[in-house]
1. Mind listing just one residue for me: the one in the stretch 17-32 that is in contact (Cβ under 8 Å) with a residue 24 or more places away in the chain and part of a helix (DSSP H, G or I) and, of those, farthest from ASP80 (Cα to Cα)?
2. Can you say whether LEU199 is under 21 Å from the mean Cα position of the chain (by Cα), under 27 Å from LYS91 (Cβ atoms) and modelled with pLDDT of 95 or more, as far as the supplied structure shows?
3. Just need a number here: residues in the stretch 140-189 that are under 19 Å from LEU121 (Cβ atoms), in a strand (DSSP E or B) and among the polar types (S, T, N, Q).
4. Quick check on VAL47: is it closer than 26 Å to ALA247 by Cα, crowded, with 19+ Cβ neighbours inside 10 Å and either modelled with pLDDT of 95 or more or acidic (Asp, Glu) (or both)?
5. Within the stretch 65-116, work out how many residues are among the acidic types (Asp, Glu) and within 23 Å of ASP210 (Cα to Cα).
6. Kindly indicate the residue of the stretch 84-96 that is in contact (Cβ under 8 Å) with a residue 40 or more places away in the chain and not charged (D, E, K, R) and also nearest to GLN17 (Cα to Cα) among those meeting that condition.
7. Kindly indicate whether ASP117 is out of contact with any strand residue (DSSP E or B) (no Cβ under 8 Å at 6 or more places or on another chain) and of a type outside the set (Gly, Ala, Ser).
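The values are calculated or read from the model by the stated rules, or taken from the named source; none is laboratory data. Note that the structure is a prediction, hence the values are computed from the model and not measured. Cβ atoms come from the backbone with ideal geometry, glycine included; neighbour counts cover every protein chain shown.
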Amino acid sequence: MPIVAPEPARLLAAIEQQSGHALQCGALLPIDTTRTLIDDGGVRFVVREVSSLARKDAGAHTSRAADPFLPYDPDLFVADLSGTHVALLNKYNVIDRHLLIVTRRFEPQEALIDLADFEALCIALRAFDGLGFYNGGPEAGASQAHKHLQVVPLPLDDTLDESTPHVPIEGLFDAVNFVHGIGTVPGLPFRHAFAWLDLLAEGAARSATDCYRALIDAAGIGTRDEQGVASQAAPYNLLVTRRWMLAIPRTTERVEGISVNALGFAGSLFVRDAAQRQALAQLGPMAALARVALP
C-alpha cells in the first residue's frame, strides 16, 4: 500500500506527541546550553555553550560502525514522509523539535540531494516554518554516513524580539547581487551561492532540486560519479527555508577546535566551553566561518 504524506497539522501533532514520549522514556536526550549573543559583520550570532557536547561526540563515534538509522530507534520515529524517507527526532537535540529527514535505505551522505529528498523536506516545511540544512561530508560537519537532511523550527532564537531576523544572516539579504539568477551576499566573506525560492508553491520540490544543482555549480562544489552514484565533488553546507537557499563550499570542519556545521552559516554556533566561546569572540564569528569555507 503506498505511503501517503502526512497533512501539515498531523505532522505537527506527531512531532509534539513523539517528543513528549521520547523524553519520558529517555530516548531523547536534550543537551543543555547557555546562550551568548555576538554582533559581527551585521549579524547577531547566537552562540550556545554546550558543556555536554562530548556526550554527543561519544554517541556519534559509537554509532558510525552500526548505522543508527538502520534500524532507527522506534521511540524517535515521528512519521513516514514518503516511500523513500522517514522523519525522526534528533536524539541529542540542542533545539527543540529538531527533525532528521532520513532515507529508508542507505545512501551515502556525499550523494547529491535529489528530488525525493526535496519532496520529503517540503513536507516538513509545509508543516512549520523551519530551517532545513545539510552537512555534505565530515569536513562540513556531518557525523553520520547515512544520508539525512535536518530541520529546526524558526526562529532560531525565540528569546529575541520580533524585529530580529528569524535566521540571523537574513539581515544581510537586502543587499544580494544577482547574475543570471544566482545571488551573492556582499556581507559574507567566503564563497557561496544564493537564490530566492518559494517552497510552498506547486512543484516546489522540483524547483528546489533545480535551484540546488545551479547553486552547487555556481559555488564551485561540483559533482562526480562515485560507483554509479551522483555525488558531490567537494564538501559543502546547504541552508534551505521556505523562501531561500544558500550553498557554501567547505575546506575543513573546525576552527580553533570549534566544530562548524551548516547552522554556523545561518548564524548559530556551538562551543564546548567558556574557553572556546572566548576564542570565538576574539576571532569573530564571521572570520571563523571564513576560515572553514572557501575564500
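1. That would be CYS25.
2. Criteria met by LEU199.
3. The number of residues fulfilling the criteria is 1.
4. yes
5. 3
6. Among those residues, the one meeting the criterion is LEU89.
7. It is false that ASP117 is out of contact with any strand residue (DSSP E or B) (no Cβ under 8 Å at 6 or more places or on another chain) and of a type outside the set (Gly, Ala, Ser).
Okay, residues lined up against (1) of a type in the set (Ser, Thr, Tyr); (2) assigned to a strand (DSSP E or B):
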{"position": "SER207", "(1), (2)": "yes, no"}
{"position": "ALA214", "(1), (2)": "no, no"}
{"position": "SER231", "(1), (2)": "yes, yes"}
{"position": "ALA247", "(1), (2)": "no, yes"}
{"position": "THR252", "(1), (2)": "yes, no"}
